[in-house]
Every structure is written in structure tokens, then in C-alpha cells.
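The next block holds one structure in the form of C-alpha cells; read it before the comments.
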Amino acid sequence: MKKFTSLMIVGAILSMSAPALAESRAVNISIGSIGGGLDNAALRTVRQLIGFAVGTGTVDKFIVYSPRNGSPIPIEGGLSACAEAGFGITDERFNAFVQQLRSITPRSGTFLNIELTASCRLN
């Protein structure tokens, strides 16, 4: 009985911490201007990396949040999207894609946010 009680306690603790242990198999990507002109070279590089990731199967799901038909479009342009790891892709391969995105350094006046998430959500 003592073993069963201990097992139940450990199981309860692990189930509560499961979301903390969940893998990040998607990445939210936002690039835009903070007042000046947008760094179009950085935007093109982001789009090229995403396109290559989709083409090679590293990313299976790609959702564009902005710009979107029927929604406001920022004057300077930019992109807000989510890319989710492809089926059967290793964490190492997906993480390498995320590192490539993080290695982009846009010029002053342009922001690039790369945030890991569990999965992409339709807005």
C-alpha cells in the first residue's frame, strides 16, 4: 500500500509539471518596424528561411497572421506568422531552423521576435 501511495504522489507531481516539460515544436515569428523603414533584406531572409524549411519538410504547418486579406496591414510592412515542426523531424533539425532565424540581425529600427511555442494556433 505504501508503494502505491508513493506512486500516486509521484504521478500527480509529474502530471502537474507535464506542460513545463512539453516540447516546443513551433515558433512564432514577428518582424516589423519600430518607426522607421523596415529592413527589407532581413524580411527577405526570414521568408527565404521559412520557404526552405517548408520545402525540406522541416516545417509542415505555416500560418501567416499578418498581413492577411481583410485585416489591417502595417504601413511599413512586416510579417507575423507561426511555423510548426514537420512530422518526424528531429528536435535538432527544428532547433537548427530556429537558430538560423535567431541569427538574423536586422538593422536599427526593425525588430525581429522569435518565440518558441508548443504549437501554432489559428487566430
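Considering only GLY86, GLY35, PHE52, and ranking their Cα positions along the charge dipole of the range 22-117 that arises from unit charges at the beta-carbon of Lys, Arg, Asp and Glu, the one farthest toward the positive end is GLY35. Under 5 Å from the amide H of THR117 lie the amide H atoms of ARG25, ALA26, VAL27, ASN28, each residue being 5 or more positions distant or on a separate chain, with H modelled from the backbone and absent for Pro and chain starts.
Each Lys and Arg contributes +1 and each Asp and Glu -1, all at the Cβ; summed about the Cα centre of the range 22-117, the dipole is approximately 240 debye. Around the amide H of ILE89, modelled in the peptide plane, lies no amide H under 5 Å away from a residue 5 or more places distant or on another chain.
Throughout, read-outs are computed from the coordinates displayed, never taken from laboratory work. The structure presented is a predicted model; accordingly, all values stated were derived computationally and were not measured. Here Cβ is always computed from backbone atoms with ideal geometry, including for glycine, and neighbour counts include all displayed protein chains.
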